[in-house]
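Below is one structure, written out as structure tokens, with a few remarks after it.
The values are calculated or read from the model by the stated rules, or taken from the named source; none is laboratory data. Quick caveat, the model's predicted, so the values are computed rather than measured. Every residue, glycine as well, gets a Cβ built from its backbone with ideal geometry; the counts of neighbours run over all protein chains shown. Protein only, heavy atoms only, side chains kept; ligands, DNA and RNA dropped before computing areas. Shrake-Rupley method; radii C 1.70, N 1.55, O 1.52, S 1.80 Å.
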Amino acid sequence: MTRRADSSARAADTPPIRWVRHESAQHHFEMALRAPLPALRPWVRRFCGYVEYRSDLARRLEVPGSDTVLSINFGAPVKVIDPRVPREAAWHAHFVSGLYDSCVLVESSGPFEGLQVDLTPLGAHRLLGVPMTEVTNRVVALGD
């Protein structure tokens, strides 16, 4: 009896999934967005699972935000371009993107599938174990 009550309480705490979908002749994407459980909220702002298929090169402008992004990619790698230092652009499969103080461009040329975890600065520091200045205005491959 206690176990059922306990699992029901956990289910009530589970945030709902918000779905975002788009489909056209050239482009299809689907995102599943979910807030973290209350216990994770000091460290995680949001989880986002996504799939995107395009018939052409995808390029999007990402604006600065207040989160560090952990990206685990199951599809083609993405290229992250900081217009201030375009020569440092690189293709990444799995990466952490620190806080940026300007926009960046993100390109993909194949199926774009993965999981993104938006971390608070404190969550990123605890997970990575480095000062946030090490990843500010940078994209760092997870292997590094």
**Prompt:** Got a number for carbon plus sulfur as a percent of segment 35-144's accessible area, 1.4 Å probe?
**Reply:** 59
**Asked** Out of I17, I81, I72, any idea which swings most in a Gaussian network model of the chain, alpha carbons joined below 10 Å?
**Response** I17
**Message:** Need the full-extension length gain, M31 to D13, defined as separation in residues times 0.36 nm minus the C-alpha distance. One decimal, nm.
**Reply:** 4.3 nm
**Fill in**
Of the convex hull enclosing the alpha-carbon atoms of the chain, the direction-averaged projected area in nm² is 10.3
**Prompt:** Taking the Cα-to-Cβ direction at R59 and at V85 and moving 7 Å from each Cα, how far apart do the two end points lie in nm?
**Reply:** 2.1
